[in-house]
Structure formats: structure tokens, C-alpha cells
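Only one structure is covered here, and it is reproduced in the block below.
The values are calculated or read from the model by the stated rules, or taken from the named source; none is laboratory data. Just so it is clear, the structure is predicted and the values come from calculations on it, not from any experiment. Backbone-built Cβ (ideal geometry, glycine too); neighbour counts: all protein chains shown. Keep in mind that these areas ignore ligands, DNA and RNA; they rest on the heavy atoms of the full protein, side chains included. Shrake-Rupley method; radii C 1.70, N 1.55, O 1.52, S 1.80 Å.
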Amino acid sequence: MERSGQVALSFANISATADGASSIFNYPFFKLLRMAHEVHVQNFDEQSVQISDILSVKTGGCSEDCAYCAQSIRNGIKLPKQPLLDLATVISAARNAKRRGASRFCMSASGRCVSSDTEFEAICEMIRSVKALGLETCATLGLLTESQMARLKEAGLDYYNHNVDTSPEFYPTIISTRSIDDRIRTIEIAQRAGINVCSGGIVGMGETNEDRIKMLVLLANLPTPPKCVPINKLVKIPGTRVDDSSQIDDFDFVRLIALARILMPRSYVKIAAGRNTLSEAIQALCIFAGANALFFSEKLLTVDNVAPGVDKTLFDKLDIKVECPKLIDTTK
Ligand code: SAM
Ligand code: SF4
């Protein structure tokens, strides 16, 4: 049996190509899990999980046509538009998140980009205020320019979320108002600005396992792999273009987590939306396979997440401890 050092070496030799990654994804299940776990424990504490909370600071009325999203005006869902929240509301939510054990607070705004400079400055103030509470900060604001990203960095932003969502081949089926290259360009702008990138995608929209694998290979081949890779299970929103797609098989989901761990050994792998549809046993397999980040909010923007207290029960059963904030001084 390969020793753990050899495991890392042998995987390092498999350049993250779709064929190489596909053969790993299809390893016998327990061999894949064992190898992913060995890569995981070389880079992280297997009993530790990073917890985030997320708040929609501006909701609905989005001009993009993301097939999965309740906030797109193109999906015909009458989601009430919520203008940008006031600062006090955001700070109160962040304080609550910290009190409940989150180390990172994510602020999400609907929209292709942030065109209003007044709104952009208000979001920078939110970031400064949340950071001052001792929380890592994350924002997800759509496509941004170099100068906007520099202002976020200056405001102390730790993470920028910008998901590639699926494979380059399947992307046009899901989103036509922008290209996957538009996303990659913003990811690279964030990385050049010295901001950690959080980028992953959604599974269960009608894509194949090959699409899911290609999504991870794309991320692993970025100039710098994302610091955090969220894997969302599609939460079906009635009226969206993917509301009748077949769910991903639970064990394929575990395999994908294991593959993400092997391809991106030093990235956090996050089980994001749809976690409330995974049993405790499947979540435990995902954590063994290398998942080490979760959202614990009851709501994930417009969809439900896990109920309060559910995670504490699971963490007690698995002896999981929660990571403290790692405050990176991004003002240097
Ligand atoms: N508007 C920003 C953008 O598009 O980047 C951020 C909005 S939210 C953080 C974006 C992510 O949540 C999407 O990239 C997708 O991965 C996930 N998401 C949105 N709707 C979802 C759904 N119905 N089921 C699962 N994941 C979803
Ligand atoms: Fe708009 Fe983001 Fe939803 Fe796409 S995922 S429709 S960009 S809010």
C-alpha cells in the first residue's frame, strides 16, 4: 500500500488532466477515500472544520440568466427585490454569526456586477465593519474590475467568491449572459489583488460526472487553485430551467469531494448549498474524504440550509472542532 508521502507524490505526478482526474474519480470507492483522506491529513487537521455564515446584502432583480438561481429576473420567479441592506443590519448579523461560532462572514449581492459606486462604497464599509468584529470577510458581487478589487482589498477583504459553477462545455447550457472566461478573468483579478479566491460550482443541474470532473480540473489548473472550493448540490427552485434535473447520487457526491481534495490538496473543500439533503453518514464520508468547510446558516441566500442545532449534534458525534478565524492583515 502506498505510504502517505508516496500518495501525495503520485498524485502530484498526475497533472490535473480530465483523463487523469477521471481515472482517480473512478477508483474503487474505498481506495479513493483512503487516498483522499491521506492527502487531507497531510495538509489539514482531520477533526477540524471551518464554518462560515452568509448574508444576502442585496437580493433579487438580477439581469443574469443563471438557470439555477431564484434571483434571476429571467427565471420568472417573483422573488421580492431587497435593496442593499443598511450597515447596522449587516453588523448585527455578523455579530450573531460570530457568537454562533463562524470564523468567516460572507456578504452576497445579486447582480452581474456592482455598477453603483455609492453601493460599492457601502459594501466596502460593510467589509471594514465585519472585519473589525474579528471575522474573516468574504464577498460575492459578480464581475468586478481591477480598481474595484483593489478597493475591496484595501477595505480588508479576505475572500472573494466567484464560482465557475460547471464545466466549460456545460456552462453555456446553464448561463448565456456571460461566459466562463468572464468568471475566470474576475478570479484572476482577485488573485492579482492579493485576495483569497473561493470558487466552486453546482452539481445536479443535468451535467454528467465528466462535467463535474472537468470543473474541478479547471479550478485545479488556475494559476493559483482557489483557497476554498464550495461544492453546491442544486437546490431545485420551482420555475427555474433546472428544476426537473436529476439529483447527483450521494456516493458520486462523496467521490467528487475526494477528487477535489486530491486535485487541490491545500484548498478548503466546502459542502455548500444542499447539505440539508445529505444524511449524517454521507456528510461524515465527505469529511473523511477531505471536506473541511461548511455553511451553518439556516438560510443560504434564498434557499434553506441546515436547521439550528443539527450541526452541533453531528459535530459531537464526529468529534469535530470548529476553526478559529485566521485574520490575514490584508492592509499590508
Ligand atoms: N451573484 C453572485 C454570483 O453569481 O457570483 C453570487 C450569488 S450566490 C453566492 C452564487 C452561488 O450560489 C452560485 O454561483 C451558485 O454556485 C450557488 N447557487 C445559487 N443558486 C443555487 C441553487 N438553487 N442551488 C445550489 N446552489 C446555488
Ligand atoms: Fe444573478 Fe448571481 Fe443569481 Fe446568477 S447566481 S442570477 S449572477 S444573483
* Considering every residue within region 173-191, establish whether at least one is within 14 Å of the chain's Cα centre (by Cα) and more than 14 Å from P226 (Cα to Cα). => no
* Give A289, A307, A284, A258 a once-over and let me know the one that is farther than 23 Å from A139 by Cα, in contact with a helix residue (DSSP H, G or I) (Cβ under 7 Å, 6 or more places away or on another chain) and surrounded by fewer than 21 Cβ atoms within 10 Å (Cβ to Cβ). => A284
* Quickly run through region 43-84 and pick out the residues that are part of a strand (DSSP E or B) and open to solvent by 20 Å² or more (accessible area, probe 1.4 Å). => I54, L55, K58, Q82
* Single match in R112, R74 (criterion: over 26 Å from Y268 (Cβ atoms), among the basic types (K, R) and within 11 Å of ligand 1 (Cβ to nearest atom)) -> R112
* Considering (1) open to solvent by 10 Å² or more (accessible area, probe 1.4 Å); (2) within 12 Å of A109 (Cβ to Cβ); (3) without any contact (Cβ under 8 Å) to a residue 60 or more places away in the chain, say which one L141 fails and leave the rest. => (1)
* Asked: Can we say L294 is more than 11 Å from ligand 1 (Cβ to nearest atom), open to solvent by less than 70 Å² (accessible area, probe 1.4 Å), in contact (Cβ under 8 Å) with a residue 60 or more places away in the chain and not in a helix (DSSP H, G or I)?
  -> yes
